[in-house]
Amino acid sequence: MQTLVEDYKKEAQQRWGGTSTYQEYEEKTKGTSKEQQNAAAVGLDAIMGEFAVSMKRGNAPECDGAQELVQELQAYITEHFYTCTNEILAGLGQMYVQDERFRENIDKHADGTAAFVAEAIRHYCR
């Protein structure tokens, strides 16, 4: 598990290490304990779980509740990781469905959750 986390960190640094957003992430997370990092990840995962609940209730990605969850997700990312602009959020939404690692992790809440989140984000960001 630790190797996988380290692999993700290495990949993120290679892909985005030269960006101001990555530098902000480094500053914001510098000095945080493993427990704090885990708590932040659990909180993010909980939001994905809320999307799954909304989807299972038959809500559409553009409904008020799903759109409020998108706002909550964006605020959570900004608070814990980096400033999550609409442009960044839109890219994350695409990554949630295009990268199977993200899709599988999000879909553990319910099959199709990643697509639901991505569509809710797409609607929010247009």
Where only protein heavy atoms count, and the probe is 1.4 Å, what is the accessible area per residue for the chain in Å²? 62
Leaving ligands, DNA and RNA out of it, report the carbon-plus-sulfur percent of the accessible area of the stretch 36-95 at a 1.4 Å probe. 52
Option label - log10 I(q)/I(0) by the Debye sum over Cα atoms at q = 0.10, 0.12, 0.17 Å⁻¹ computed here, alternatives [x] -0.35, -0.49, -0.87; [y] -0.31, -0.45, -0.92; [z] -0.26, -0.39, -0.80: [y]
Summing Lys, Arg as +1 and Asp, Glu as -1, what charge do residues with Cβ under 15 Å from the Cβ of THR32 carry, THR32 excluded? -1
In degrees from 0 to 90, rounded to the nearest 10, what is the angle of the helix 34-56 Cα long axis to the longest principal axis of the chain? 10
Can you count the Lys pairs in the chain whose Cα atoms are under 24 Å apart, with each pair 8 or more apart or on different chains? 9
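The values are calculated or read from the model by the stated rules, or taken from the named source; none is laboratory data. Please read these numbers as outputs of a predicted model, since none were measured by experiment. Glycine also receives a Cβ, built like all others from the backbone with ideal geometry; neighbour counts cover every protein chain displayed. All accessible areas refer to the heavy atoms of the entire protein, side chains included, with ligands and DNA or RNA removed. Shrake-Rupley method; radii C 1.70, N 1.55, O 1.52, S 1.80 Å.
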